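These notes are about the structure you will find just below.
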Amino acid sequence: MPNKILVINLVGLTADVYSKMPKVSQALAGATTRQVVLQPPLPAVTCTSQATLSTGTQPRNHGVVSNGWYFRDSAEIRFWLRSDHLVQGEKLWETAKKIDPNLRVANLFWRYCTHAACDVTVTERPTYWANGRKGPDIYTAPEHFRDELVEQLGEFPLFRFWGPATNISSTEWIAKATLHTLRCQSPHIALTYLPHLDYDLQKYGPHSSEAVKAIAEVDEVASDLILHARELGYQIALLSEYGMTEVSHPVYLNRILRESGYLSVQTAKNGELLEPGASRAFAACSHQTAHVYVDAPENVRPVKELLRSIEGVDRVFGPEDLASIGLDHPRTGQLFVLANSDSWFAYPYWLDESQAPDFARCVAIHDKPGHDPVEMFLGEGGKAKVMKRLLQTKLGLRTTMDVISTDASLIRGSHGRLPESPDDSPILITDWNHDSSETMPMTEFYSLILDQVHQD
């Protein structure tokens, strides 16, 4: 009979964060509890780390080279996609089912989980109405499970999951959905994602008073889930994809590339739009990392030298270096850039705020050619502007929710670099003992779970 395991991806979990979580510590307490430091891949971001955990391979193999990348065939930069088909290679649940076809797997809110060969899948998928309005909804497999979850838990709080209104409620909903799945679907392996620490730790910094409050909130939710899961006979693996570090300096790679004549834009009715297919070089930015795509071999060297000269840039890896960091994959940019520890890469490419595209002031994760954590801050007009826009929507008017800030200097926490010390590192805590060393590459997690679920 296979063991039952619940894998909880708790964003931003480090040894320091864990020391401030007494309820989770108590829920996991036991003679066999084991804690190890995880070594993430480059870049240490959500999508890349989760793909590494679920395949046991490096980005050169699974192809998830960041939270988004340049799709050369369509000349589009696309972030935050959902399909499992984007992850190359055999996944944890596929291997587990080969060993035991009767084994059941559930995946809740890990990236790239739609269309996966799991028995149960749950993730956010907003409804986009024909008039441009966005509404909360979820994707589930089996399809009828959606109605069951909504009936039990209410509508998924999408606007608390990301954006300026984020709070603990989205994490609470996911935890409750996870517990309902364990009780009603009885998967042998369940993976879930608790995002709460992604918010205030980026907004205010990992050592802020707001971060301490957020840690206490997720401590309550996660400990309750762990206790109930253990009552149902589940073993627990608690981990994170990265640790958050303090930052204060946004770096605008795309603006510098544009000023140097490499990046091209088109002026449209809704502002200046980046034209990657017409650019000689541009950056797809994600936190403290960026893939820089260069149109021709003769431009690689001068672009590399330009990037190396920018304040806030730590290292620039050229084509000859990518194999050494596990990023030699066709989706990777010709250059890969790391910020220094105090800096991060903001995506904006426009030089005049009056020419910013309309999506710049919106929560628009699929429209922006890079990740934008500033979406968590309200812009000019604050809550009054939000209320005005909501009223216009209720009156049936087509309006743009242009309510967020574009001030990248507000961000105080980031990630993506390899950790400089164990204190900054993601960790793995299990309530069973294992033979791993005190430091474990993320690639080894795959085998650890397979061994444990099938262990007599």
| task | Within segment 61-74, identify whether any single residue is closer than 30 Å to R230 by Cα and in a strand (DSSP E or B), and answer yes or no. | result | no
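Return yes or no: is V64 modelled with pLDDT of 95 or more and under 17 Å from F336 (Cα atoms)? Full working, then the answer.
Numbers: modelled with pLDDT of 95 or more: yes; under 17 Å from F336 (Cα atoms): yes.
In short, yes.
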| remark: When every residue in segment 439-456 that is in contact with a Pro (Cβ under 9 Å, 6 or more places away or on another chain) and within 16 Å of L191 (Cα to Cα) is compared, the one surrounded by the fewest Cβ atoms within 10 Å (Cβ to Cβ) is V453
| request: Please specify each residue of segment 128-150 satisfying the condition of being in contact (Cβ under 8 Å) with a residue 24 or more places away in the chain and assigned to a loop (DSSP other than H, G, I, E, B). | output: N131, G132, R133
| task | State which residue is nearest to Q50 (Cα to Cα) when the search covers only segment 110-150 and only residues that are over 19 Å from the mean Cα position of the chain (by Cα) and surrounded by 19 or more Cβ atoms within 10 Å (Cβ to Cβ). | result | C118
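What number of residues in segment 303-318 are touching a Ser or Thr at 6+ places or on another chain (Cβ under 9 Å) and either crowded, with 16+ Cβ neighbours inside 10 Å or without any contact (Cβ under 8 Å) to a residue 60 or more places away in the chain (or both)?
We begin by selecting, within segment 303-318, every residue touching a Ser or Thr at 6+ places or on another chain (Cβ under 9 Å); these are 303, 306, 311-314, 317.
Now drop any that are not either crowded, with 16+ Cβ neighbours inside 10 Å or without any contact (Cβ under 8 Å) to a residue 60 or more places away in the chain (or both), which leaves 303, 306, 312-313, 317.
Adding up the residues that qualify gives 5.
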| query | Within segment 174-190, can one find any residue that is under 18 Å from the mean Cα position of the chain (by Cα) and surrounded by 23 or more Cβ atoms within 10 Å (Cβ to Cβ)? | reply | yes
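Have a look at L225, L253, L239 and point out the one that is in contact (Cβ under 8 Å) with a residue 60 or more places away in the chain, outside the structural domain of T32 (by TED's automatic domain parsing) and buried (at least 16 other Cβ atoms within 10 Å of the Cβ). I'd like the intermediate steps shown before the answer.
Values: L225 fails: outside the structural domain of T32 (by TED's automatic domain parsing); L239 fails: outside the structural domain of T32 (by TED's automatic domain parsing).
Just a single option satisfies the conditions, and that option is L253.
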| note | Across (1) farther than 18 Å from Y70 by Cβ; (2) surrounded by 19 or more Cβ atoms within 10 Å (Cβ to Cβ); (3) aliphatic (A, V, I, L, M); (4) at pLDDT 95 or above, L351 clears everything bar (2)
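Would you call P43 touching a strand residue (DSSP E or B) at 6+ places or on another chain (Cβ under 7 Å), surrounded by 19 or more Cβ atoms within 10 Å (Cβ to Cβ) and at pLDDT 95 or above? Walk me through how you get there before you give the answer.
On the way: touching a strand residue (DSSP E or B) at 6+ places or on another chain (Cβ under 7 Å): yes; surrounded by 19 or more Cβ atoms within 10 Å (Cβ to Cβ): yes; at pLDDT 95 or above: yes.
Answer is yes for this residue.
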| task | Go through (1) in a loop (DSSP other than H, G, I, E, B); (2) of a type in the set (A, V, I, L, M, F, W, C); (3) in contact with a strand residue (DSSP E or B) (Cβ under 6 Å, 6 or more places away or on another chain) and name the single condition W93 misses. | result | (1)
| task | Quick one: R331 ticks every box in (1) touching a helix residue (DSSP H, G or I) at 6+ places or on another chain (Cβ under 9 Å); (2) within 22 Å of Y204 (Cα to Cα); (3) of a type in the set (K, R) except a single one, so which number is it? | result | (2)
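Can you pull out every residue in segment 413-438 that is assigned to a loop (DSSP other than H, G, I, E, B) and crowded, with 18+ Cβ neighbours inside 10 Å? Working first, answer last.
Kept after step one, since they are assigned to a loop (DSSP other than H, G, I, E, B), are these residues of segment 413-438: 415-421, 425-426, 431-438.
Correct list: H415, G416, R417, P419, S425, P426, D431.
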| query | What is the residue count in segment 23-40 for residues that are outside any loop (DSSP other than H, G, I, E, B), under 16 Å from I427 (Cα atoms) and either at pLDDT below 95 or not hydroxyl-bearing (S, T, Y) (or both)? | reply | 8
| said: If I ask for residues that are more than 26 Å from H287 (Cα to Cα), out of contact with any helix residue (DSSP H, G or I) (no Cβ under 9 Å at 6 or more places or on another chain) and either buried (at least 18 other Cβ atoms within 10 Å of the Cβ) or assigned by TED's automatic domain parsing to the domain that holds A281 (or both), which ones from segment 64-109 would you list? | reply: K97
| task | Report yes if M401 is at pLDDT below 85 and surrounded by fewer than 16 Cβ atoms within 10 Å (Cβ to Cβ), otherwise no. | result | no
| L182 outside the structural domain of L378 (by TED's automatic domain parsing) and in contact (Cβ under 8 Å) with a residue 60 or more places away in the chain | yes
| message | All but one of (1) at pLDDT 95 or above; (2) surrounded by fewer than 15 Cβ atoms within 10 Å (Cβ to Cβ) hold for L410; state the number of the condition that does not hold. | response | (2)
| said: Quick test of your reading of the structure: Q152 fulfils all but one of (1) of a type in the set (S, T, N, Q); (2) within 27 Å of G379 (Cβ to Cβ); (3) in contact with a helix residue (DSSP H, G or I) (Cβ under 7 Å, 6 or more places away or on another chain). Name the failing condition by number. | reply: (2)
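The values are calculated or read from the model by the stated rules, or taken from the named source; none is laboratory data. Just so we're clear, the structure is a prediction, and the values are computed from it rather than from any experiment. Cβ atoms come from the backbone with ideal geometry, glycine included; neighbour counts cover every protein chain shown.
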